[in-house]
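Please treat every number below as a calculation from the coordinates, not as lab data. All figures in this text were calculated on a predicted structure; none of them were measured in a lab. All Cβ positions, even for glycine, are placed from backbone atoms using ideal geometry, and neighbour counts span all protein chains on display.
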Amino acid sequence: MNTINNLNNTRAIPGLEYRAYRGETDFPAMVEIWNQMRAAGFVEGSYTLEDVAIDFRHLYNCDPFQDMIFAELNGVPAAFGRLMWLQEGPRKVFYQMFHMNPALQDLGIDAPMQEWMEERQLEIAAGLADEREKVFIQLCDQEDVHSMRLLESFGYKAVRWYFSMWRDLDEIPEVELPEGIEVRPALPSEYHKVWERANEAFSEHWGFVEPREEDYQNWKEGRWFQPMLWQVAWVDGEPVGQVENYVDSVENEKLGRLRGYTEGISVLKAYRGKGIARALIARSLGMLKALNLQEAALTVDSGNASGALRLYESMGYRTYRTTVEWRKPLA
C-alpha cells in the first residue's frame with residue numbers, strides 16, 4: 001500500500017504535506033475547498049458545517065480515518081478525497097469524492113492523491129471476498145478540463161452525463177391531473193413510505209444502488225428535506241408519484257437569487273404514461289411561484305430511458321451545466 005507517509009517521502013513540491021483525516025476539526029477545511037470549487041463553477045449548491053456533520057453522522061462502507069486523504073500547501077487546505085463503496089446491482093462500485101482548490105490544479109498535487117485513492121480501494125476490494133465486477137467511479141464538472149484529463153490519464157472513460165437544468169417561473173403550463181389521482185401532502189407517518197416508493201420507481205435506472213436506512217436518516221436530517229413542499233400523487237392511500245421540492249435558502253442568500261428545486265421526480269412503473277409527472281411538475285412550479293421565487297432547477301440523467309429529459313425540456317427547462325461520470329474497472 002502506498003501510504004500517506006510514503007507520499008510525503010516522495011513529494012517534490014515545497015510546503016506540501018499529505019495527511020489523514022483528523023476528525024471534525026477538518027470540517028471547516030472541507031467547506032472551504034467546496035466553496036473554492038463553487039466559485040470556479042465546478043460544483044453547485046451550498047455546503048455548510050452542519051451539512052458535513054450530518055453526512056459524517058450517517059457514513060457507511062467508509063472509515064474516514066482510513067479512507068480519506070488531505071493535502072495542505074504551506075499549512076493551507078488544498079484538496080481532500082473520501083472513499084466509499086456501494087452495491088450497484090451485480091457489481092461493486094468504488095466511489096472517489098475528490099475536491100481541490102482549482103487555483104492549485106497545475107501544481108501536481110492531485111495525481112499522487114488519485115494513485116493513493118485507487119490503491120486504498122484495491123485494498124478494500126481485496127477484503128470483500130467477491131469475484132464479481134468492480135469499478136472505480138468519480139464525477140467531475142464538464143468544464144473542469146484538468147480533472148477530466150487527469151482521469152483519462154489514469155485510464156477512466158466517460159460513461160454518463162448529467163444535466164443541471166433551470167427555467168424561470170414567468171409562464172407556467174396548466175396541466176390537469178389524470179382521473180383517479182389525488183394530490184396531498186404526506187403525513188409524517190408516511191414520509192418513509194414516500195421514500196420507499198421513490199426508490200422503487202428509480203430501481204430500473206442507471207447506477208441504482210439499493211438505499212439503506214442511513215441514507216434515509218441523512219436525507220431526513222438535512223436542509224433539503226422539506227416535505228410540506230412536496231407534490232405527492234396518491235391512489236387508494238398509496239404514493240404513486242412525487243416531486244420532492246425544496247428551497248435552499250443558504251444558497252439563495254449567498255448567490256442573491258430566488259430559486260426552488262423540483263427534484264426527486266418519480267412515478268411508479270405501473271402509473272407511467274398517464275401524465276402524472278407532468279401534472280406534478282406544473283403544480284410544483286405554480287407553488288414555487290406562489291412563494292415569490294423566480295426560477296426552478298433540477299438535475300437529470302441525460303440517458304434516462306424513461307424519457308425524463310424530453311419531459312423536462314417540454315416543460316421549459318434548459319440545460320446550463322453538465323456533470324460527467326467516469327468509470328474504470330478495478331485491476
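Would you list Thr319, Thr10 from fewest to most Cβ contacts within 10 Å? Please report the intermediate quantities before stating the final value.
On the way: Thr319 16, Thr10 9.
Result, fewest neighbours first: Thr10, Thr319.
Shape call for the stretch 164-321 from the C-alpha gyration tensor, a ≥ b ≥ c root eigenvalues: rounded (a/c under 1.5), prolate (a/b greater than b/c) or oblate?
Because its axes are fairly even, with a/c under 1.5, the stretch 164-321 counts as rounded.
Taking the structure as given and computing Cα extents along the principal axes in Å, which label from (i) 68, 47, 34; (ii) 57, 45, 38; (iii) 74, 53, 36 fits?
Evaluating Cα extents along the principal axes in Å on these atoms matches (i).
In nm, to one decimal, how far is the modelled label at Leu122 from the one at Glu253, with both set 7 Å along Cα→Cβ?
The two pseudo-label positions are separated by 4.7 nm.
Please label the shape of the stretch 135-219 as rounded, prolate or oblate, based on the square roots a ≥ b ≥ c of the eigenvalues of the alpha-carbon gyration tensor (a/c under 1.5 means rounded; beyond that, a/b larger than b/c means prolate, else oblate).
Oblate shape, in that a/c is at least 1.5 and b/c is the bigger or equal ratio.
Taking a ≥ b ≥ c as the square roots of the Cα gyration tensor eigenvalues, with a/c under 1.5 meaning rounded and otherwise prolate when a/b beats b/c, else oblate, which class fits the stretch 4-155?
Since a/c stays below 1.5, the shape of the stretch 4-155 is classed as rounded.
State the Cα centre-to-centre distance between the stretch 290-331 and the stretch 199-218 in whole Å.
18 Å
Can you tell which of Glu143, Glu152, Glu253 shows the greatest fluctuation in a Gaussian network model of the chain with Cα springs below 10 Å?
Glu253
Tell me which chymotrypsin sites (Phe, Trp or Tyr not before Pro) from the stretch 207-282 have a DSSP coil assignment and no more than 13 other beta carbons within 10 Å of their own.
Here the sparse-neighbourhood loop sites are Phe208.
Determine, from the Cβ-Cβ distance of Arg19 and Glu200 and an R0 of 35 Å, the FRET efficiency 1/(1 + (r/R0)^6), rounded to the nearest 0.05.
0.25
Can you list which of the trypsin sites (Lys or Arg not before Pro) found in the stretch 119-217 are DSSP loop residues with at most 11 other C-beta atoms within 10 Å?
Counting only loop positions with at most 11 other Cβ atoms within 10 Å, the trypsin sites (Lys or Arg not before Pro) in the stretch 119-217 are Arg132.
For the stretch 1-134, calculate the relative contact order in percent as a whole number, restricting contacts to Cα pairs under 8 Å that are 6 or more residues apart.
The normalised contact order for the stretch 1-134 reaches 26 percent.
If you take the beta carbon distance between Gln294 and Glu179 as r and set R0 to 56 Å, what does 1/(1 + (r/R0)^6) give as a FRET efficiency, to the nearest 0.05?
0.95
Compute the label zone of Thr322 within the stretch 133-172: residues whose backbone N is under 16 Å from the point 7 Å along Cα-to-Cβ.
Those under the cut-off are 139-149, 157-166.
What Kirkwood hydrodynamic radius do you get for the stretch 77-180 when you take the inverse of the mean 1/r over all pairs of distinct Cα atoms, in Å?
Evaluated on the stretch 77-180, it is 16.7 Å.
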